[in-house]
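The values are calculated or read from the model by the stated rules, or taken from the named source; none is laboratory data. If you're wondering where the values come from, they're calculated on a predicted model, not measured in any experiment. Quick reminder, even Gly has a Cβ in these numbers, built from the backbone with ideal geometry, and neighbours come from all protein chains shown. These area figures cover heavy atoms from the full protein model, side chains too; ligands, DNA and RNA do not enter into them. Shrake-Rupley method; radii C 1.70, N 1.55, O 1.52, S 1.80 Å.
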Amino acid sequence: MKVFQREHSLRTKGGLACVYSPHTTCCVRVNEFETGFLEDFVRMLRRIVPSEKYYAHDDWDRRTENVCPEDVEFANGHSHCMAMLLGPAGESIPVRDGELCLGTWQRVLFMELDRSRERRWIVQVVGD
Amino acid sequence: MKVFQREHSLRTKGGLACVYSPHTTCCVRVNEFETGFLEDFVRMLRRIVPSEKYYAHDDWDRRTENVCPEDVEFANGHSHCMAMLLGPAGESIPVRDGELCLGTWQRVLFMELDRSRERRWIVQVVGD
Amino acid sequence: MKVFQREHSLRTKGGLACVYSPHTTCCVRVNEFETGFLEDFVRMLRRIVPSEKYYAHDDWDRRTENVCPEDVEFANGHSHCMAMLLGPAGESIPVRDGELCLGTWQRVLFMELDRSRERRWIVQVVGD
């Protein structure tokens, strides 16, 4: 898992900003950016969704759908399960006076739940 | 649990589409539509939130609120817990050029966490 | 954990309402407001994310970031983990005819996952 943050300046004064991951094994969440907590979070996630269990998604004796070379090489059934458990692919945050209404300790976190690689995210803002 | 998908054409060019379940034991999530993964997901969810545990929601010696005949007949305390754990009732997805910004493997999944029955969902789009 | 509900009247006729918590150990979710279910939910959450485990976020022999007196006095590593697991800080709900499109049993729940204290939430509405 990889966690990082970015700053964004907005032209919209009031509305909603949706920070969204178009990847099925990534996740955007808002919480504190503190090394200890992120370590705790990874430990918790691995405890609840262990990668060593059997995943039909990674069983090439059975799987016939959405076959792509990457999945054959790197099993990631647990990453999909983690992403579903954590919630939506994106997070919608209120915008006021052209700024995200983040609380004192809140940061937007982009999480990779599979192996590290090139990823992108989408920021879509609606409002005035 | 039941998972299916539907296609939607949008009149909004740019904005946000919220696909929303008005039911307390259903959930909308975005992830891959692959039989093996959905099997893994059901197995994980049942392991984390077992239906055999005690649920006060299903204890008719105690329950006095929101009494409805359906709940008396079919215990669904675990389904509510699953829905809360999985996250919001809906999922907001960026819209650009009149299309949902879904990644290659992303599909919108509507999940029934209780017994199978007639259900509906709401698609609300904001933007220009 | 504390759960309560509030009613809101909206000036927007059609759109999306985002009910949002600016706190990192709170969470907004939509589900049934029934005492038994909320008891079940608290029990489940404590079972999945036990407060007695080791949390690096609460380890003052190691922690150097985001130091605030409150955290030193009251350990809340488990509260952050609960919040991340439950999903986004807010919930976006469709608005039609000036009202939230809540289903029969749906209510907006604001949850405190840390100790009880003064909290606030933001309701941001976009649309016409």
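Determine whether the range A:40-59 contains at least one residue that is closer than 21 Å to B:Trp105 by Cβ, hydroxyl-bearing (Ser, Thr, Tyr), in contact with a helix residue (DSSP H, G or I) (Cβ under 9 Å, 6 or more places away or on another chain) and at the interface with another protein chain (Cβ under 7 Å from one of its Cβ atoms). Looking for residues that are closer than 21 Å to B:Trp105 by Cβ, hydroxyl-bearing (Ser, Thr, Tyr), in contact with a helix residue (DSSP H, G or I) (Cβ under 9 Å, 6 or more places away or on another chain) and at the interface with another protein chain (Cβ under 7 Å from one of its Cβ atoms), one finds at least one in the range A:40-59, hence yes.
For the range B:30-45, name all the residues that are polar (S, T, N, Q) and within 19 Å of A:Leu45 (Cβ to Cβ).
Our first condition is that a residue be polar (S, T, N, Q); within the range B:30-45, this holds for B:31, B:35.
Scanning the range B:30-45 gives a single hit, B:Asn31.
Checking each residue of the range C:41-59 against the condition of being open to solvent by less than 30 Å² (accessible area, probe 1.4 Å), in contact (Cβ under 8 Å) with a residue 24 or more places away in the chain, out of contact with any Leu (no Cβ under 9 Å at 6 or more places or on another chain) and not aliphatic (A, V, I, L, M) gives at least one match.
So if I check each of C:Phe33, C:Phe74, which one is more than 30 Å from B:Arg119 (Cβ to Cβ), in contact (Cβ under 8 Å) with a residue 40 or more places away in the chain and out of contact with any Gly (no Cβ under 9 Å at 6 or more places or on another chain)? Quick ask: steps written out before the conclusion?
Details: C:Phe33 fails: more than 30 Å from B:Arg119 (Cβ to Cβ).
Of C:Phe33, C:Phe74, the one residue that is more than 30 Å from B:Arg119 (Cβ to Cβ), in contact (Cβ under 8 Å) with a residue 40 or more places away in the chain and out of contact with any Gly (no Cβ under 9 Å at 6 or more places or on another chain) is C:Phe74.
Within the range B:66-91, the set of residues being open to solvent by 20 Å² or more (accessible area, probe 1.4 Å), closer than 18 Å to C:Gly103 by Cβ and of a type in the set (D, E, K, R) comprises just one member, B:Glu70.
Scanning the range A:77-109 for residues that are in contact (Cβ under 8 Å) with a residue 40 or more places away in the chain, facing chain B (nearest Cβ under 7 Å) and of a type in the set (Gly, Ala, Ser) turns up A:Ala83, A:Gly87, A:Ala89, A:Gly90, A:Ser92. For beta carbons closer than 6 Å, sequence separation of 6+ or different chains, a first residue in the range C:5-26 that is open to solvent by 10 Å² or more (accessible area, probe 1.4 Å) and a second that is modelled with pLDDT under 95 and small (Gly, Ala, Ser), the qualifying pairs are C:Leu10/C:Gly98; C:Thr12/C:Gly127; C:Lys13/C:Gly98; C:Gly14/C:Gly127. Filtered by the rule that a residue be within 14 Å of chain B (Cβ to nearest Cβ) and touching a residue at least 12 places away in the same chain (Cβ under 8 Å), the range A:112-127 gives A:Glu112, A:Leu113, A:Asp114, A:Arg119, A:Arg120, A:Trp121, A:Ile122, A:Val123, A:Gln124, A:Val125, A:Val126, A:Gly127. Give the residue, chosen from B:Val30, B:Val42, B:Val49, that is aliphatic (A, V, I, L, M) and either modelled with pLDDT under 95 or within 12 Å of the chain's Cα centre (by Cα) (or both). Answer to the check: B:Val30. Report yes if some residue within the range B:92-105 is under 19 Å from A:Ala83 (Cα atoms), assigned to a helix (DSSP H, G or I) and open to solvent by less than 10 Å² (accessible area, probe 1.4 Å); otherwise report no. Among the residues of the range B:92-105, not one is under 19 Å from A:Ala83 (Cα atoms), assigned to a helix (DSSP H, G or I) and open to solvent by less than 10 Å² (accessible area, probe 1.4 Å), which makes the answer no.
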